[in-house]
Amino acid sequence: MSDIPQGIDLPRHRDFEGKAAGQWLRHGFLLLLTLFVLAALLNAFGARPQTEEAGAAAATLKVTAPERVRGGLLYQARLEIHADEAIGAPTLVLDKGWIEETTINTVQPEPAQTTSDPKHLKLRYPPLPPGRTLSVFISLQANPNDVGTHNADVALYDAGEEIASIDRTQVNFP
Amino acid sequence: MDIVIRAAVVFAFLFLLMRMLGRRELSSMEPFDIILLVVVGDLVQQGVTQSDYSVTGALLAVSTIALLTVLVSWTSFRVRKLRPILEGEPIVLIEDGELIEKNLRRQRITAEEVEQGARLEQITSLGEVRWAILETNGQISFVEKQQ
């Protein structure tokens with residue numbers, strides 16, 4: 001009578017016969033985990049801010065904000081308008097991707113007037129003389145339920161006339 | 001609905017992680033492992049419930065995880081072919097007093113750890129061991145040589 005413990009199949013449990021794929025699978029999974037973490041270090045899942053700029057004769061618009069955020073994350077957007085010519089009613093027009101399923105904690109400085117239409121949020125500021133820069137800081141939090149890609153364009157208007165715009169896409173991770 | 005999906009995703013990820021990490025990491029509970037367990041639990045909880053502080057949310061998350069645990073267990077019980085995938089298989093570490101090095105290496109187990117396991121079973125020398133088997137729960141079982 002064999003003294004091999006019951007339930008033990010030596011070729012399988014000692015010599016790993018027919019189990020080579022399992023070992024490769026394990027290595028593959030660990031490699032995937034490593035890549036996942038490396039991708040996070042390289043900002044694949046946010047939330048390092050990127051700066052984009054659009055210029056025109058009258059003004060330059062600059063946006064610094066993360067393009068990838070995760071649910072629940074607190075982050076900040078900085079929008080800068082540098083006026084080369086006088087702007088009577090500088091208005092920042094944000095796509096609804098900025099606000100849909102997102103909590104806006106503060107907007108500093110507060111706009112003189114805030115309006116909206118179904119697709120945009122419009123922040124109008126007092127007149128900007130030539131050579132001046134207006135920096136607007138928006139503190140945001142991504143709602144955890146919001147997952148996917150959103151248009152988060154920003155445009156600068158002066159009394160209904162577009163001066164500059166930046167096309168942006170924001171990706172929200174779960 | 002999203003809390004059920006989040007709980008299921010986290011369950012699947014943790015299940016895969018536990019199966020792929022190697023069972024020794026899971027069974028040996030050194031003080032650092034206990035701390036790590038608490039930290040992982042806390043991190044997972046935040047991912048599952050996020051800003052939902054409701055009792056309904058907690059019940060949903062726990063129910064989802066409980067149901068999936070039963071499902072895995074039931075599948076393992078009913079489908080014999082899936083059992084090695086879902087639960088793993090025993091691995092022979094010692095045969096006739098001799099350590100099987102490639103199997104130890106495969107599971108990242110040192111000879112000292114096997115010796116420690118043997119001491120816990122009142123076995124003074126690995127030479128007395130006929131079989132040592134790493135079980136699916138991460139514990140090492142020892143069968144002594146017949147006198």
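Residues in the stretch A:13-53 that are within 13 Å of another protein chain (Cβ to nearest Cβ), farther than 20 Å from B:Leu21 by Cα and in contact with an Asp or Glu (Cβ under 8 Å, 6 or more places away or on another chain): none. Scan the stretch A:133-140 and give yes if some residue there is assigned to a loop (DSSP other than H, G, I, E, B) and not acidic (Asp, Glu), otherwise no. No, the stretch A:133-140 has no match at all.
Take the conditions (1) more than 19 Å from A:Asp3 (Cα to Cα); (2) within 11 Å of chain A (Cβ to nearest Cβ); (3) among the hydrophobic types (A, V, I, L, M, F, W, C); B:Ala118 misses just one of them, which is (2).
Of the listed requirements (1) under 30 Å from B:Thr49 (Cα atoms); (2) surrounded by fewer than 17 Cβ atoms within 10 Å (Cβ to Cβ); (3) modelled with pLDDT of 90 or more, A:Arg26 misses just one: (3).
Of the residues B:Glu30, B:Glu89, only one is modelled with pLDDT under 90 and away from every other protein chain (no Cβ under 14 Å); which?
Values: B:Glu89 fails: away from every other protein chain (no Cβ under 14 Å).
Answer to the selection: B:Glu30.
Checking every residue in the stretch B:131-147 against the condition of being among the aromatic types (Phe, Trp, Tyr), more than 10 Å from chain A (Cβ to nearest Cβ) and in contact with a Gly (Cβ under 9 Å, 6 or more places away or on another chain) gives at least one match. Hey, any hits in the stretch A:136-145 for a residue that's over 14 Å from the mean Cα position of the chain (by Cα) and either in contact (Cβ under 8 Å) with a residue 60 or more places away in the chain or farther than 24 Å from A:Val69 by Cα (or both)? Within the stretch A:136-145, one or more residues are over 14 Å from the mean Cα position of the chain (by Cα) and either in contact (Cβ under 8 Å) with a residue 60 or more places away in the chain or farther than 24 Å from A:Val69 by Cα (or both).
Set side by side, the residues A:Thr51, A:Thr91, A:Thr34, A:Thr64 differ, and just one is over 26 Å from A:Thr149 (Cβ atoms), among the β-branched types (Val, Ile, Thr) and either free of Cβ contacts under 8 Å to residues at least 24 places away in the same chain or buried (at least 16 other Cβ atoms within 10 Å of the Cβ) (or both), which is A:Thr34. Strands (runs of 3 or more DSSP E) fully within the stretch A:1-112 that include at least 3 residues being over 28 Å from the mean Cα position of the chain (by Cα) and in the same structural domain as A:Val136 (by TED's automatic domain parsing): none found. Of everything in the stretch B:63-84 that is more than 14 Å from chain A (Cβ to nearest Cβ), of a type in the set (A, V, I, L, M) and without any contact (Cβ under 8 Å) to a residue 12 or more places away in the chain, the residue that is farthest from A:Asn145 (Cα to Cα) is B:Val79.
Among the residues of the stretch B:102-147, the one identified as loosely packed, with under 13 Cβ neighbours inside 10 Å, more than 16 Å from the chain's Cα centre (by Cα) and in contact (Cβ under 8 Å) with a residue 40 or more places away in the chain is B:Lys145.
Mind counting the residues in the stretch A:147-174 that are within 14 Å of another protein chain (Cβ to nearest Cβ) and either part of a loop (DSSP other than H, G, I, E, B) or in contact (Cβ under 8 Å) with a residue 40 or more places away in the chain (or both)? Qualifying residue count for the region: 4. Taking the numbered list (1) closer than 21 Å to A:Asn43 by Cα; (2) touching a helix residue (DSSP H, G or I) at 6+ places or on another chain (Cβ under 9 Å); (3) in a strand (DSSP E or B) in turn, A:Pro144 passes all entries but (3).
Does B:Leu60 fit the bill of being part of a helix (DSSP H, G or I) and touching a residue at least 24 places away in the same chain (Cβ under 8 Å)? Yes; evaluated as a whole, the condition is true for this residue. Can you confirm whether the stretch B:47-54 contains a residue that is more than 17 Å from A:Leu73 (Cα to Cα), in a helix (DSSP H, G or I) and either in contact (Cβ under 8 Å) with a residue 40 or more places away in the chain or within 13 Å of chain A (Cβ to nearest Cβ) (or both)? No, that holds for no residue.
The values are calculated or read from the model by the stated rules, or taken from the named source; none is laboratory data. Please read these numbers as outputs of a predicted model, since none were measured by experiment. Neighbour counts run over all protein chains shown; Cβ positions are idealised from the backbone, glycine included.
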